[in-house]
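The values are calculated or read from the model by the stated rules, or taken from the named source; none is laboratory data. These figures come from a predicted structure and were not determined experimentally. Backbone-built Cβ (ideal geometry, glycine too); neighbour counts: all protein chains shown. Calculation scope for accessible area: heavy atoms of the full protein, side chains included, ligands and nucleic acids excluded. Shrake-Rupley method; radii C 1.70, N 1.55, O 1.52, S 1.80 Å.
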Amino acid sequence: MTALSSSPSSMPSSITSKLQPLDLGDGVVGAGFLGTRAVFALGSREIVLAGETVERVAAHNGAILSVSSDARRILTGGDDGRVVATAGDGSTQTLFEQKGRWIDQVAAGPDGSVAFSVGKTAHFQPLKGERRTLDLPSTVGGLAFAPKGTRLAIAHYGGATLWFPNAQAKPEVLAWKGSHRGVLWHPDGRFVITTMQEPALHGWRLADGANMRMSGYPARVNFMSFTSGGRFLATSGSNEAILWPFATKEGPMGKQPTMLAPRDMRVSCVAAHPKDEVFACGYDDGLVLLVRVSDGAEILARAPAGGPVSALAWRADGGALAIGTQEGVGGLIVL
Amino acid sequence: MPETSSAKIPVTVLTGYLGAGKTTLLNRILSEPHGKKFAVVVNEFGEIGIDNDLVVGADEEVFEMNNGCICCTVRGDLIRIIDGLLRRKDDFDGIIVETTGLADPAPVAQTFFVDEMVGAKTTLDAVVTVADAKWLKDRLKDAPEAKNQIAFADVILLNKTDLVSEDELKDVEMRIRAINPFARIHRTQRSEIAIDKVLGQGAFDLDRITAIDPDFLEGGHKHFHDEEMQSVSFASEQPLDPDKFFPWIQELTQREGPNILRSKGILAFKNDPERFVFQGVHMILDGDHQRPWRADEAKTSRIVFIGRHLDRKALEQGFLSCAA
């Protein structure tokens with residue numbers, strides 16, 4: 001990460017020579033890291049583990065619909081009705097199966113617990129103990145664990161629901177009209193943000209339930225990611241990365257977002273670096289930039305190819321980046 | 001055709017009131033030896049005895065967009081399902097969406113215009129409505145959904161024709177025509193029909209909006225009037241002024257959108273060598289230049305509305321006042 005933390009004048013303009021290109025063979029649904037190996041989940045049932053060698057694992061009997069990962073495993077939900085955990089050694093374990101249904105969402109919990117959804121039902125499986133379920137008013141659009149503990153945010157039509165699966169308390173409903181898809185917690189748990197069917201984000205400040213509407217995008221926002229420390233929320237959906245300020249307890253209300261890395265091409269995917277205030281920004285033509293928030297400095301990480309960037313993932317120490325595209329090519333950059 | 005549009009996956013929407021014969025038609029489409037594979041989106045798994053990996057259950061979740069407009073609705077479950085199906089797009093040639101007998105086809109059609117991802121990767125081919133020749137007339141009286149399905153159709157299978165006389169058949173066809181003179185009607189028994197009369201219709205394809213015949217209503221065919229739902233069509237030999245037409249159609253559909261189910265037009269604008277085609281579902285409009293006018297064709301602008309309580313005179317005056 002020396003290149004990123006040095007001054008702009010000394011930064012190389014490109015790190016494309018460090019890119020190990022990967023021909024993955026099918027559209028990339030999600031990516032992560034297991035140890036030093038980059039992991040790619042493909043639309044067509046396979047998981048590819050890429051490091052010094054490349055290994056392919058047939059994790060599902062159909063399309064992979066959703067992906068979540070932690071340091072120990074990558075969780076995938078498929079249209080074969082299965083939730084599968086794949087470990088760094090390529091071994092797989094089926095955690096749940098319901099034939100004839102789709103596993104629309106999966107989320108890896110901080111303590112080894114797992115959440116997933118089947119239609120209108122959210123499931124929570126603790127590391128040890130009984131699985132619990134919650135029925136929602138409409139299909140689950142997104143699932144996310146709170147940064148600490150086992151509280152879950154569940155996005156759906158008409159808002160989001162906050163659920164403590166281990167408590168008797170009634171789930172708390174955060175109402176806002178429209179269809180909510182992705183959901184994300186602020187790193188310190190003060191805010192919950194959803195991406196919406198229309199080109200906008202919605203947020204709630206949990207302290208007082210205040211609504212935050214973040215709009216103005218030309219297209220739907222498919223990716224959002226908090227920068228290290230949670231000062232900015234980087235988002236796709238425009239011809240530049242849109243970063244909403246979350247440094248104060250008010251959040252972005254009444255403030256303008258920062259706009260970085262403009263191009264004549266839609267930003268399709270963003271992923272914030274885990275340690276520095278830097279993010280990876282992928283575009284519809286397959287180009288990837290690393291962008292530093294403080295001064296907008298850009299480094300070219302990948303030249304255009306292979307359709308829209310559909311997955312970006314940093315290794316937990318920030319020392320490597322996995323890139324996947326809709327047309328099934330990608331790469332691994334070790335910095 | 002440009003590469004991008006031919007690469008889109010065609011979607012056929014099957015609709016029809018309860019018991020009309022939708023599922024029979026679906027089974028026929030899937031079991032005919034046409035060499036094509038379909039992903040099928042259904043509400044009920046029960047009746048479908050087909051051996052197909054790609055049968056997906058739908059919830060018919062209709063979403064209002066967050067713009068406060070009651071008729072700008074989309075099917076949220078379809079967006080999710082199509083997104084998921086596209087991950088294995090090499091596994092099939094087309095998608096068939098079977099709606100429930102009580103469903104309004106508009107949110108399905110609007111999904112293909114409103115959702116960017118869905119619109120970029122799929123194309124709505126046609127709304128195919130199965131109608132029961134014996135009971136349709138009754139349903140048109142007591143079930144607004146049945147009327148919507150007829151009004152919305154591009155292709156109508158007038159099914160169970162063996163249960164009624166020829167006179168009754170003609171009568172029910174005229175009632176259909178009073179609502180929707182533009183759909184292609186096929187008489188069928190047990191939903192038996194050649195697959196190429198149902199699939200590959202291109203009815204929502206801007207390049208293929210050709211089924212607009214403004215003389216149809218003037219030829220004395222219309223023996224019935226539907227007091228509630230009707231279609232109106234107008235033609236103009238005068239070239240139109242785009243600066244008049246677009247504000248007019250936008251204002252009209254914003255105001256009357258809930259009543260206008262479908263609209264279509266082929267337009268000749270002044271000093272514009274190309275045909276402009278548009279279509280709409282309620283308030284949602286889609287339009288583009290199609291191709292140059294041919295030397296041998298009259299540059300006639302034609303426009304059609306199918307809807308409820310349409311003010312024919314006001315619509316005609318509005319359209320004609322768009323002349324350049």
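Legend: calculated FRET efficiency, residue A:190 to residue A:91, from the Cβ-Cβ distance at R0 = 45 Å, rounded to 0.05, equals 0.75.
Summary value for region A:216-335: 17 percent relative contact order, contacts being C-alpha pairs under 8 angstrom separated by 6+ residues.
Close amide H partners of residue A:297, meaning residues 5 or more places away or on another chain with modelled amide H under 5 Å apart, are A:292. In summary, the lysines within cross-link reach of residue B:8, defined as a Cα separation below 17 angstrom excluding same-chain residues under 8 places away, comprise B:36, B:37, B:89, B:121.
Taking a point 7 Å out from the Cα of residue A:98 in the direction of its Cβ, the residues of region A:105-145 whose backbone N falls within less than 11 Å of it are A:105, A:116-124, A:133-136, A:140.
Restricting to bridges with both residues inside chain B, how much of the DSSP beta-bridge set is antiparallel, in percent to the nearest 5? Restricted to chain B, the bridges split so that about 50 percent are antiparallel. Interface area, chains B and A: about 2000 Å² of buried accessible surface, summed, with a 1.4 Å probe and ligands, DNA and RNA left out. Taking a Cβ cut-off of under 13 Å around residue A:140, the surrounding Lys, Arg, Asp and Glu residues balance to a net charge of -1, with basic ones at +1 and acidic ones at -1. When the inverse distances between all different Cα atoms of region B:206-322 are averaged and flipped, the Kirkwood radius reads 14.6 angstrom.
Within the full protein context, the accessible area of residue B:316 is estimated at about 70 Å² for a probe radius of 1.4 Å. Where Lys and Arg each count +1 and Asp and Glu each count -1, what net charge lies around residue B:168 among other residues with Cβ under 10 Å from its Cβ? Once positives and negatives cancel, what remains is -1.
Using just its DSSP H runs of length 4 or more, each adding -39500 (n - 2.57), chain B gives a mean residue ellipticity at 222 nm of -8500 deg cm²/dmol after division by all residues. Label separation (residue A:130 vs residue B:34): 5.0 nm, computed from points 7 Å beyond Cα along the C-beta direction.
Annotation: peptides A:55-68, A:212-225, ranked by per-residue average of other Cβ atoms within 10 Å with the highest first, follow the order A:55-68, A:212-225. Which whole-number percent is the relative contact order of chain B (Cα, under 8 Å, 6+ apart)? In percent, rounded to a whole number, it is 17.
What Kirkwood hydrodynamic radius, in Å, does chain B give when the mean of 1/r is taken over all pairs of distinct Cα atoms and then inverted? Here the Kirkwood hydrodynamic radius works out to 20.4 Å. For region B:157-199, trypsin sites (Lys or Arg not before Pro) meeting the loop criterion (DSSP other than H, G, I, E, B) and having at most 16 other Cβ atoms within 10 Å: B:190.
In order along region A:125-139, the phi-based Karplus estimate (6.51 cos²θ - 1.76 cosθ + 1.60, θ = phi - 60°) of 3J(HN,Hα) comes to 10, x, 4, 10, x, 7, 6, 10, 10, 9, 8, 9, x, 8, 4 Hz; Gly and Pro are listed as x. Volume of the convex hull of region A:39-118 (Cα atoms only), normalised per residue: 70 Å³. Within the straight-line cut-off of under 25 Å between alpha carbons, the lysines reachable from residue B:244 are B:264, B:270, B:299, B:313, sequence neighbours fewer than 8 places apart in one chain being disregarded. Computed over chain A, relative contact order equals 14 percent, with contacts defined as Cα pairs under 8 Å that lie 6+ residues apart. Near residue B:191, the amide H atoms lying under 5 Å from its own belong to B:160; only residues 5 or more places off or on other chains count, and H is placed 1.01 Å from N.
Rolling a 1.4 Å probe over the protein heavy atoms gives region B:206-322 an accessible area of 50 Å² per residue.
According to the Kirkwood expression over distinct Cα-Cα pairs, how big is the hydrodynamic radius of region A:13-334, in Å? After inverting the mean inverse Cα-Cα distance, the result is 19.6 Å. By the Cβ distance rule (another cysteine Cβ under 4.7 Å), the unpaired cysteines of chain B are B:71, B:322. In chain A, the calculated helix contribution to ellipticity at 222 nm averages 0 deg cm²/dmol per residue, counting -39,500 (n - 2.57) for every DSSP H run with n ≥ 4. When the scattering of region B:9-197 is computed by the Debye formula from its Cα atoms alone, each counted once and equally, what is log10 I(q)/I(0) at q = 0.11, 0.12, 0.14, 0.16 Å⁻¹? Scattering profile of region B:9-197, log10 relative to I(0): -0.48, -0.57, -0.77, -1.00. Taking label points 7 Å from Cα along the Cα-to-Cβ direction, residue B:241 and residue A:58 give a separation of 6.7 nm.
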